[in-house]
Structure formats: structure tokens, C-alpha cells
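Report on one structure; see the data block that follows.
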Amino acid sequence: MMKDFILFIAEIINTLHDLIFAFSRSMGWNFTDKDLHLWVFGIVGILAFFVVNKVFKYLAQYSITAISFIYTFTVVLVVVFAIEIQQGITGRGNMEFHDAVISIWGFVLFFAIYLGLRGVLYFIKKLFRKIRS
């Protein structure tokens, strides 16, 4: 299933690559593959940056924890899929989509436990302040 998922994503990316390459040729632009990578990833990257920057500025008003979660979740996602792909390439272990999902749920579960403990501590501190005053 993981192999099928990766092949599906690869097919989408290859189709987009071919469409962009054909469009650039039809416009008379003689871009090489490297030129297309520079332009496409430059444009997509800077647009993503503007969106992420706006979202993070908004979230920073309320909680740095939310930003930390998003960043860590992204890193975990990349590492999990890198490990699964590595398992498929080397044959050590099983490259399975379900393994990736379970790995990500592991992080989400432990983060939820962290938030729960943090919430309990917050209410305990609030209760002690109320008792003291």
C-alpha cells in the first residue's frame, strides 16, 4: 500500500512536471529542467512562506505551543516517510503506509498526553492561587 501511495504521488508530480515543461515550451521559454526547478520551487516556496508566516503570526498571539506542534509534526512526518521509503529501498523492514500512520498517531497521542498534563498543572496552579488569596 505504501509503495502504491508513493507511486501515485510520483505520478502526480511527474504529470505536473510535464505540464509545466510543455507550457514553458509553448510560451517559447527554453528552460532546462534545472531552470524549472528554480522557478517552480522558488514561486511555490515563497507563496507557502507567506501563508505559513501569516498563520504563525496569528497563532503566536495565542500560543507558541501551536507553532511548535506544527513544526514538530512536519519534522515527524518527513522523518516517518523517509524511514518508510528507506525500508522499501533497502528491504530492511516493511514499507507500509499503515506503519507511517501509526507512527504519526504515536506523536499525536503523546502530544495530547502532554497537553492534558499541562492543563492539569494549570488548573492546580490556579486552584493554589485561589486558596492563597
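The values are calculated or read from the model by the stated rules, or taken from the named source; none is laboratory data. Keep in mind the model is a prediction, meaning the values are calculated, not measured. Cβ coordinates were reconstructed from backbone atoms using ideal geometry, including for glycine residues, and neighbour counts include every protein chain displayed. With ligands, DNA and RNA removed, areas are computed over all heavy atoms of the protein, side chains included. Shrake-Rupley method; radii C 1.70, N 1.55, O 1.52, S 1.80 Å.
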Practice task
Keeping to the stretch 43-67, report how many residues are under 25 Å from residue 19 (Cβ atoms) and within 18 Å of the chain's Cα centre (by Cα).
Solution key: 8
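Residue 31 - would you say it is open to solvent by less than 100 Å² (accessible area, probe 1.4 Å) and within 16 Å of the chain's Cα centre (by Cα)?
Details: open to solvent by less than 100 Å² (accessible area, probe 1.4 Å): yes; within 16 Å of the chain's Cα centre (by Cα): no.
No; evaluated as a whole, the condition is false for this residue.
Taking the condition surrounded by 10 or more Cβ atoms within 10 Å (Cβ to Cβ), modelled with pLDDT under 95, of a type outside the set (D, E, K, R) and outside any helix (DSSP H, G or I), does residue 93 pass?
Working: surrounded by 10 or more Cβ atoms within 10 Å (Cβ to Cβ): yes; modelled with pLDDT under 95: yes; of a type outside the set (D, E, K, R): yes; outside any helix (DSSP H, G or I): yes.
Criteria met by residue 93.
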Handout entry: Near pairs, Cβ below 9 angstrom, 6+ apart or cross-chain, from the stretch 1-21 (closer than 23 Å to residue 89 by Cα) to any residue that is assigned to a helix (DSSP H, G or I) and open to solvent by 100 Å² or more (accessible area, probe 1.4 Å)
Key = 1/98; 2/98
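For residue 107, are the conditions met, namely being under 18 Å from the mean Cα position of the chain (by Cα), open to solvent by less than 70 Å² (accessible area, probe 1.4 Å), more than 30 Å from residue 7 (Cβ to Cβ) and in contact (Cβ under 8 Å) with a residue 12 or more places away in the chain?
Numbers: under 18 Å from the mean Cα position of the chain (by Cα): yes; open to solvent by less than 70 Å² (accessible area, probe 1.4 Å): yes; more than 30 Å from residue 7 (Cβ to Cβ): no; in contact (Cβ under 8 Å) with a residue 12 or more places away in the chain: yes.
So residue 107 does not fit the description; no.
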Problem - Hey, residue 89 over 30 Å from residue 10 (Cβ atoms) and out of contact with any strand residue (DSSP E or B) (no Cβ under 7 Å at 6 or more places or on another chain) or not - result: no
Handout entry: Single residue of 56, 128 found to be assigned to a helix (DSSP H, G or I), open to solvent by less than 90 Å² (accessible area, probe 1.4 Å) and either farther than 26 Å from residue 6 by Cβ or modelled with pLDDT of 95 or more (or both)
Key = 56
Completion exercise
In the stretch 72-90, residues that are among the hydrophobic types (A, V, I, L, M, F, W, C), open to solvent by 60 Å² or more (accessible area, probe 1.4 Å) and either farther than 23 Å from residue 56 by Cβ or in contact with a Cys (Cβ under 9 Å, 6 or more places away or on another chain) (or both) total 3
Practice task
Keeping to the stretch 76-104, report how many residues are aromatic (Phe, Trp, Tyr) and free of Cβ contacts under 8 Å to residues at least 40 places away in the same chain.
Solution key: 1
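State the number of residues belonging to the stretch 8-28 that are of a type in the set (A, V, I, L, M), open to solvent by less than 60 Å² (accessible area, probe 1.4 Å) and either more than 18 Å from the chain's Cα centre (by Cα) or modelled with pLDDT of 90 or more (or both). Give the derivation first.
So in the stretch 8-28, the residues of a type in the set (A, V, I, L, M) come out as 9-10, 12-13, 16, 19-20, 22, 27.
Subsequent filtering for residues that are open to solvent by less than 60 Å² (accessible area, probe 1.4 Å) retains 10, 22.
After this cut, where a residue has to be either more than 18 Å from the chain's Cα centre (by Cα) or modelled with pLDDT of 90 or more (or both) as well, the list is 22.
The qualifying residues number 1.
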